[in-house]
Structures are given as structure tokens and as C-alpha cells.
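Here the structure comes first, spelled out in C-alpha cells, and everything after it is commentary.
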Amino acid sequence: MAQNYNVTKIEEKWLDSWEKQQLFQGVTQADVVKADAVKTGKDPLYLLFAFAYPSGSGLHVGHVESKTALDILARYYRMNNRDVFFPVGWDAFGLPAENYAIKTGVPPAETTRAAIDTFRRQIKRIGISYDWKAELATSHPGYYRWTQWLFLELHRQGLAYQGEGVVNWCPSCQTVLANEQVVDGACERCGSEVTQKSMKQWYFKITEYKDELISGLDEVDWPTATKEQQLNWIGRRVGAQVQFSVESAPDAERLACFTTRVDTIFGVTFLAMSPEKWQSSGLMEQVSAQKRDEIEKYLKAAGKKTEEQRKIGEKDKTGIDTGLTAINPVNGQVVPIYVADYILAGYGTGVVMGVPGHDERDHSFARKHQLPIIEVITPAAGAKKNDKSVFTEHGVLQNSGNYTGLSSEEAIGQLLSDFNADIEKTTTYKLRDWLISRQRYWGAPIPIVYDPDGNPHPVKDEHLPWLLPTDVDFKPTGESPLRSSQEFIQRTEKLYGKGWRPEFDTMDTFVDSSWYFLRYLDARNEQVFAQPELLKYWLPVDFYMIGPEHIVLHLLYSRFFAKFLRDQGYLEINEPFSKMRHQGMILGPDGKKMSKSKGNVINPDDVIEKFGADTLRVYEMFMGPIESDKPWDVSAVAGVYRFLNRIYDLVVQVAEGKAVTNPAVKRKLHQTIRKVSSDIPALKFNTAIAAMMECLNDWETSMRADKTGITREEARYFTQILAPFAPFLAEELHELLGGKHSVHTTEWPTWDDSIAAEQSVEIPVQINGKVRGKIKLPAEQASDQAVVIQAARADERIAAWLAEAKIIKEIYVPRKILNIVVKI
């Protein structure tokens, strides 16, 4: 091992050099807006990593993995003459900093600023080549001024509106809680039972774009599972709306049920209503006093559950018989009406027709409440019944009156025609408008003021940013902390008149973090959120890497904003992120998710202090596929460190001596350049590193065998392909080899296929699926099946296996494997 490979000295030396040169700033944004900027011949590439929340604990090794992966792409494409934009910023508003302020009294602005400083130091030390000139933080007035502008633009178009919304309420803390603050139905702060409360809230009308949010997924290169998550959240379902009349209240409004399986309507044995739908229906007046008390008790219990608890409660299927009945419009059958909290008001109509013979949820509910189960669909002739206990697929109708014998498809069409007054074809969506109000402090103030009569008005553009006040009490009082600010109230009255009041709610932090990729492009502009030329030049984002935890709401909201701004003439794109992938998780050495409580957290600072940032980077990329979860292995870290030291040793020898070109060394180099050049764009970083390790092994073997070594040119090429992975070491070696400028500004080396071609090919030979030998042929003969088979039969080892056998078939995969099927 090289004694003079001083990791700390080398890495700090080049870190300082890059800082002074501002090496990774690329084409300045000012240059881009010039008339001839788009004609520079460079191909713009926008690389984006998910907005990071700057926690007080600093980076963990999971952050290092994803940031390094994108940094490798950035460095690789810069060396391939791409104009790379690789910005960084901080999702700085949010609940953790506010909770810390409540606990300690330290203002969130202070803790957030300190956390950002820590993150920035750590990221630079790892060698991530961000464009720091574009750095931003959502808590800075220069950023949230434009978040507020976006709210006002939506408000002007009627897409930001006020309405009643149900929130989680802690009666002890006297405050609204976010879903993440509710643990097993209780307040995470005090343990009190959480209830549901209706409050006036602000919404964004994301449902205006529901169909385009579906069709737009065809335009992007995203993982299939991510697209499916988006589609499931939007939840478009084409079906029918069936009207049931209430038997005991003929004058009452009929109950509309949405179903995608109207062919099962003869199997309806009950209706189930959401608690919210029941309360707004007026049907309580129709029930007896005793039954009313029972229903009120059930509604009170349901009101204590969060929506997530109610979804989980589908397994339990609680409900109460109201004593009322409804009439099935197709057969006049009378069925009971239940209130059930697993039915959610926002999905469909809030009323479900129960078909326990052909729906698993309805089946569970019917069994628990001892309701009839009628099977009205049977598998079509020749079709197999599914493995589920309930037949849920299309088939042939039975027990369905005149419709018996029709296929499901035929019956649906006929029922829609025969009962068009009671059954209407329709489409429903699970997607609901985005509730953005938060009764919290550490967020962007909603730019709305109220006149003395309580009517809302938008804050004037000249009063933006509508600053977050600092004279607040963080302790929960049941109201937004902003209500305690005298400055906020006095400011509003001074600007708008006596008796005017500000909106005291702040915006959901998802609002800040769902448009940040646009502000990066012109982060210091105080006139517009970004100049049109910059938006046109860089958008859409070419590659986005985010964790799987962000694949639903964040992406949905970002797409909504992009489509809205397009419609207002600010953008020319339909989708914000062309290509996206997700990184896996770095697990602890015990194979479990890292956490302080488990004591298995790996601090990147500790690894860097011992082995250096290059070792940390290369090890994490070598652990396995970027999308997989991988356990930390301390011994493997040391192995990577030794690998880098061997590279250093080799290049030092080359720099100090002379060598003659060796054809085998040169061939391996060109093969490695080709492999690494292919693997980096495909995110196959682990196999790219494996190829470099194999190249180094071959070179060292060759040098020991024939003493010829490698040339300075060959060493320089190897240093260049190492540069994206181990940027500090590559920079040092490039200088040792006589490089006058940074290795990261050199052109990526090319390979020659004729040089990279193998002189001979080794082909495994299987007999009945088991490898029994290998044959070696000149490369030019390896594609000729007849030659390969003849060579295999001539090989002594293979011939011995074939001596007493009859050859049935010979299968050859060119240059890969020969399989001979025999009968013994």
C-alpha cells in the first residue's frame, strides 16, 4: 500500500482548488439568456436530486449514495461536452424544526440555518459538484415570495379557493395535527385521543387536471410501479351511478351509488353510507329516538378516527343498521341501509351498494352483520374461477331475472338502456382537491387578508414577499401561532385599513417543494420566478432521482403546477420530469434500516476521516444496483480503500518511469472504457467499478509477467474514466501525469472496437444442461455454429461425455454457450 497516499491532504487540496476555480458552475445563467446562447452547440442537461430536508443530525450514508450517483452522471456528461445544470437547495420549512422550537424555544430559523450549514459542509467534502450559485432554501423570503405569487396566480384563475375541510384535532393540545402527528389514533405530543373537526381551509383545485395527470404519464420514462401509484391515487373509474329510493322516506333525495359492476345489481343486499354522507343526508329525522342515540354514538366514535385509520378499518368493517331501507330500482328488492366508517365521503358518492357475493369488502361486511349473500355472476363456460373466496371477475349472470344468461358486458349495456332513468353511465375519481392550509408556524404565510366583514382578498403583488412574522409564541394554543404576532396584525392594518386581518394559516410545505425545480433556473431573480429563456433552455428536467417515499403526492403536485403554468403561458412543457429513477436504501451492518435507537447508523464523516471521500463514494456505488437496498459492510469499505491505493501506486510508477505499449494492456483498457461508457448512463455503477477493478488486476498481472508496464497515455485514460467515481484521486493522478488543467474538464476518452476485440473466445459447452468443458476459438470463428460444434466434438473432455451417447439436439448461443442434448 502506498505510504504517501495522504487521503485527507489530497482531497482537501482539490476541494480548495475547485472552490477557487468555481469549476462546476458551467455556462452562467446570464449567458444562456443571450440571443445566441441556444446556438452554442452544447446540449443542455438538467440533473435533479430530490429536495433535501436539512435535519439537525446532518447527512447519513443514504444521502451519500443518491447524491454520488447523480454526481457521477454530472461529471461524466460534462466530460462528454454536455451543458450540465446540477443545482442544490433545501426544503427548509416543515414540522421537525417547529416541534424543536416548541420543545426548546429556539426559533426554527436558527436551527434550520445551522442544519443547512452542516449539510453544505458535508456535501462539499464528499465532492458533489453542485452549482452552488443556484442554491436556495424555501424558508428564504426570496424563495417563498414566488411560492406566494404562485398561490395568487392560482387564486386569480379560481384554482385556489376556500372551503370546509376535516382536520385532525387534539382536544388537549388544542391544535390541528398533520396526519404524521397522529400515531395509532393519538396525538404524538401528549397521547390524547384525536378527533376529527371541520374547519374552513384553503384548497388548490388539482382535480381540474385529473384527466391530463393520467394521460401525461404516457410521455415520461418513469418506473412502471411509480406510474401505477399515480394512477391509483387519481383513481379514475368508469362505471354507473345507480339511484336507490329510501322506502320510509319517499320524498327524500334518492341515494346515488357508484359502481363499476352494475351487472351485479341483482346481488345487492344492503347499502352502506359514509358517516359524512349520512350526516348531510337529513335521514336522521326518519329514524326512531332509540336508534338515533345508537347512530350518534357510532358517529362520535367514527369522528375520532383519522382517514388512514378508517382505510385500515376496512378489515374490521364496523357499521350500524339505521333501521331504514332502500329500494333496488331493477327488481324492487328492499335492502337495509347501514352507516359504515370504512366508506369514505370523498370516494365515489359516499354511498356503496353492497354486493357480498362478488366483492370481498362487501362479503366481509355481510358476514359480520349476518346479511344475505347472493351469487349472481358465474364464470363463463371454460373459464376457471379465481382463487379468491369471492368471484369478482366478469362472467355470466344468474339469479338475475330476465338478464340471466347474459354475459357481464351484455348485461351492463342492457341495464344502462333499460333503466336509463335510474342507472347512468359515469366516471368517478379518488383524487380530491389539495388542502394546503396548515395551522403551523414554520411555513410560507398564505397571502390572503380579510376585510372587516370577513371577506378574503389577495395580498397585493407589491406587498410580496408577505413576510413570516418572528414575534410568535410557538406553544400550541388551538390556533395558528401567527395569531400571536402583533407585528403581523399591525402590518395588515397599516397596509389595508383598520379592522383588516391577515390569514393566519401557512401553506403545506409540499407547495414549496413541488415547484423548486423551476426556481433553481433563476434563483436570484427578483423580477420573475425565472426568465422565459432559461425555462425554455433547461426544461424539462432530463433526469430526476428521488426516493420511493415521494412517488405519489410530490410528483402529482409538481405535475399540476407545471400544467397550470403552461396554461398561463409561462412554460412550454407538459411534464416536468422526463426521466426518473429511485435509489434504494443503505441498511445498517445488521441488515436493518439505520436508526439511532438501533445503534446501527453510519456517519459519513467517520468514514471520510478514516478512508477518505473517494473511498466512501466508490464503495457505495459498488455495493450493488442503485435501486436495491444494501447492507453496510465495514470490511468491504477497507477493500475499496485498498483498490484506490493500488491505482495510486500504479500511476505513480508510470509517472516516474517509461513503458512500451503492451497489446493485451491496451486491449483491456479499450474494453474497460467501452464498458464504463455504457454502464454510467444506464446507472450500472457497480458493474462499471467492477470493470475498472478487473482492468487493474490484468494490468498488475501483465506488469509482473513481462515487466513492460503501461504507458502514461493509458494511465491518463484510466484516470479519466475513474474521475466521476473518485474525483479527488483522479485529479491528483491527472496532475502527476502532467495534466495542466482539471481532469474534469478533459474530454471523455473514446475506445476503438477493433482494439477492444478479443483475439480468442472461450465458450462453455453444456451436455444436458451441465457444463462439461470449455473450448477456445479465434474470435472470427466464434460466430460460426458449425465450426464451434466441430471444435466441441473434437475436444477430448467433451468427446468423452459423447462417446456412449446419442446426440438429439445442439443449441448454440453465439459467443456465449453451446448446449448439446443427448440420450444416454
Worksheet item: Pulled fully out, how much extra length does the chain show between residue 574 and residue 712, if you take 0.36 nm times their separation in residues and subtract their Cα-Cα distance?
Response: 44.8 nm
Item to complete: Mind checking which of 755, 792, 721 is farthest towards the positive end of region 694-824's charge dipole, using Cβ charges of +1 (Lys, Arg) and -1 (Asp, Glu) about the Cα centre?
Response: 792
Item to complete: Over the chain, with every protein chain in place, what whole percent of the accessible area is carbon and sulfur at 1.4 Å, could you tell me?
Response: 48
Discussion item. Could you tell me how far the Cα centroid of region 527-597 sits from the Cα centroid of region 615-636, in Å?
Written reply: 25
Worksheet item: Taking the Cβ-Cβ separation of residue 780 and residue 697 as r and a Förster radius of 41 Å, what is the calculated FRET efficiency to the nearest 0.05?
Response: 0.90
Fill in: Dipole of the chain, positive direction: furthest Cα of 481, 327, 229, with charges on the beta-carbon
229
Practice prompt. Kindly provide the trypsin sites (Lys or Arg not before Pro) of region 124-230 that DSSP labels as loop, not H, G, I, E or B, and whose Cβ sees at most 11 other Cβ atoms within 10 Å.
Written response: none
Worksheet item: Full extension from residue 536 to residue 656: what is 0.36 nm times the residue separation minus their Cα-Cα distance, to one decimal in nm?
Response: 38.2 nm
Fill in: Using a Förster distance of 56 Å, the FRET efficiency for residue 603-residue 402 (Cβ separation, nearest 0.05)
0.15
Worksheet item: Which net charge results for the neighbourhood of residue 140, defined as the other residues with beta-carbon distances under 13 angstrom from its beta-carbon, given Lys and Arg at +1 and Asp and Glu at -1?
Response: 0
Practice prompt. Go through [x] 28.2; [y] 31.9; [z] 36.0 and flag the label whose value is the computed Kirkwood radius over Cα pairs in Å for this structure.
Written response: [y]
Fill in: Cα gyration tensor, region 556-686 - rounded (a/c under 1.5), prolate or oblate
oblate
Discussion item. With angles folded into 0 to 90 degrees, how steeply does helix 95-104 sit against the dominant principal axis of the chain? Use alpha carbons for both and round to 10.
Written reply: 80
Practice prompt. Loop only per DSSP, at most 11 neighbouring Cβ atoms within 10 Å: give me the trypsin sites (Lys or Arg not before Pro) in region 724-824, ordered by residue number.
Written response: 740, 816
Discussion item. Report the gain in length on full extension from residue 292 to residue 636: 0.36 nm times residue separation, minus Cα-Cα distance, nm rounded to one decimal.
Written reply: 117.1 nm
Worksheet item: What is the ratio of the Cα radius of gyration of region 608-746 to 2.2 N^0.38 Å, where N is its residue count, to two decimals?
Response: 1.03
Discussion item. Using just the Cα positions, wrap region 524-620 in a convex hull and report its mean projected area in square nanometres, one decimal place.
Written reply: 9.8
Item to complete: Please give the per residue volume of the convex hull enclosing the alpha carbon atoms of region 220-268, rounded to a whole number of Å³.
Response: 116
Discussion item. Counting other C-beta atoms within 10 Å, and keeping those with at most 12, which DSSP coil GluC sites (Glu not before Pro) do you find in region 777-816?
Written reply: 804
Worksheet item: By how many degrees, between 0 and 90 and to the nearest 10, does the Cα long axis of helix 61-79 differ from the longest principal axis of the chain?
Response: 60
Worksheet item: Helix 408-418 versus the longest principal axis of the chain: what angle, 0 to 90°, nearest 10, using Cα atoms?
Response: 40
Worksheet item: Local charge sum around residue 800 (other residues, Cβ-Cβ under 12 Å, Lys/Arg +1, Asp/Glu -1)?
Response: 0
Worksheet entry | Interatomic Cα distance distribution for region 504-572, bins of 5 angstrom, percent | 3, 14, 24, 26, 19, 10, 3, 1
Worksheet item: Per the Debye formula with a single identical scatterer at each Cα and no solvent contribution, what log10 I(q)/I(0) holds for region 177-284 at q = 0.17, 0.21, 0.22 Å⁻¹?
Response: -1.14, -1.13, -1.15
Fill in: Nearest-0.05 FRET efficiency for residue 232 and residue 110, computed from C-beta distance (R0 51 Å)
0.80
Worksheet item: Over all distinct Cα pairs, what is the inverse of the mean 1/r for region 697-739, reported as the Kirkwood hydrodynamic radius in Å?
Response: 11.0
Discussion item. Show me, for region 674-680, the HN-Hα J-couplings you get by feeding each phi into the Karplus relation (A = 6.51, B = -1.76, C = 1.60, θ = phi - 60°), rounded to Hz, glycine and proline as x.
Written reply: 4, 5, 5, 5, 7, 6, 4
Item to complete: In whole angstrom, note down how far apart the Cα centers of region 67-144 and region 716-765 are.
Response: 32
Worksheet, complete the sentence: Note on region 74-162: the mean projected area of its alpha-carbon convex hull, in nm², is 8.9
Fill in: region 273-380: Cα Rg divided by the 2.2 N^0.38 Å rule of thumb
1.09
Discussion item. Can you compute 3J(HN,Hα) from phi for each residue in region 609-616, using the Karplus curve 6.51 cos²θ - 1.76 cosθ + 1.60 with θ = phi - 60°, rounded to whole Hz and x for Gly and Pro?
Written reply: 4, 8, 10, x, 5, 4, 4, 4
Item to complete: Go through 124/630; 311/384; 770/806; 675/816; 103/304 and tell me which ones have a Cα-Cα distance over 21 Å in this structure.
Response: 124/630; 311/384; 103/304
Item to complete: Could you run the Karplus curve 6.51 cos²θ - 1.76 cosθ + 1.60 with θ = phi - 60° over region 549-555 and give me ³J(HN,Hα) per residue in whole Hz, x for Gly and Pro?
Response: 6, 10, 7, 10, 5, 4, 5
Response to the item:
Non-local residues with an amide H under 5 Å from the amide H of residue 52, with H modelled 1.01 Å from N and Pro and chain starts lacking one, are 89, 91
Worksheet entry | Heavy-atom surface of the chain, accessible at 1.4 Å and reported per residue (Å²) | 45
Item to complete: Quick one: net charge around residue 820, please, counting Lys, Arg +1 and Asp, Glu -1 for every other residue with C-beta under 12 Å from its C-beta.
Response: +4
Item to complete: In debye, nearest 20, what is the charge dipole magnitude of region 476-621 about its Cα centre with +1 on Lys and Arg Cβ and -1 on Asp and Glu Cβ, if you could check?
Response: 220
Worksheet item: Compactness ratio of region 443-589: Cα Rg over 2.2 N^0.38 Å, N = residue count?
Response: 1.31
Worksheet entry | Computed log₁₀ I(q)/I(0) - Debye formula, equal Cα scatterers, no solvent, region 78-231, q 0.09 Å⁻¹ | -0.51
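The values are calculated or read from the model by the stated rules, or taken from the named source; none is laboratory data. The structure presented is a predicted model; accordingly, all values stated were derived computationally and were not measured. Backbone-built Cβ (ideal geometry, glycine too); neighbour counts: all protein chains shown. Ligands, DNA and RNA are excluded from the accessible area calculation, which covers all protein heavy atoms including side chains. Shrake-Rupley method; radii C 1.70, N 1.55, O 1.52, S 1.80 Å.
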